[in-house]
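Data first, discussion second: the structure below is written as structure tokens.
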Amino acid sequence: MKKTLCTLGAISLLAASLLTGCSTGAADTPKGNAAQKPVINIEGVVTAVDEGTVTLDSGKVVLITDQTEFAADPDGGRAVSRDIAVGNLIQGYTAGDPDAEKVTANRIWTNAAPTGGKGGKLAVNFEGRVTAVEDGRAALEDGRVVLTGGANVFAPDGSPAQVTAGDYIQGYAENPEGSEIAALSILITAL
């Protein structure tokens, strides 16, 4: 009887340890399986890129290594570019502490250039009403000048557009400070 109880106890402990081992970390690990949604615990707009280091608008620093996978969202299926640029929206996963100031990305699910209009996201760090436009320079009511020559400009519906006097614009520039702003992206929010 004592031997049977010991055997049953050992089998119970073995079964419990196997079941516990199978579930360890299962909820935390993203799978490349199309039936499962990707785990995203890194997200933000890129404000700086420097040799494998990406800084987000929140101040978080993301390390991109040779082991970082660029994997498409199973729902979208589009390839994800390894070329991360300032202004891009990135979403990814780290197996480390996602709340740390510096994390290593295991996967990047989204690396999208700023777009405007419906369904797109645009990082915004300047805005204002345009009072005049001349030679790629849009003057704002507050006296600042937005240089539009190198910018992607979008209408509210996401189509390409041109900035005109009277437009209310929002946009992104690497350096939005000062009296002249070299815009990278502009969204016309009110025509």
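Tabulated values for the structure
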| read-out | value |
| --- | --- |
| Label-to-label distance, nm, for residues given as Thr164 and Arg137 (7 Å Cα→Cβ offset) | 2.2 |
| Neighbour net charge for Leu63 - beta-carbon separation under 15 angstrom, K R +1, D E -1 | -2 |
| Under 5 Å, built H, 5+ apart or other chain: amide partners of Asn125 | Gly171, Tyr172, Ala173 |
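Rule-based calculations on the coordinates, nothing more; no lab input. Everything quoted here is computed from the prediction, not taken from an experiment. All Cβ positions, glycine included, derive from the backbone under ideal geometry; neighbour counts span all protein chains shown.
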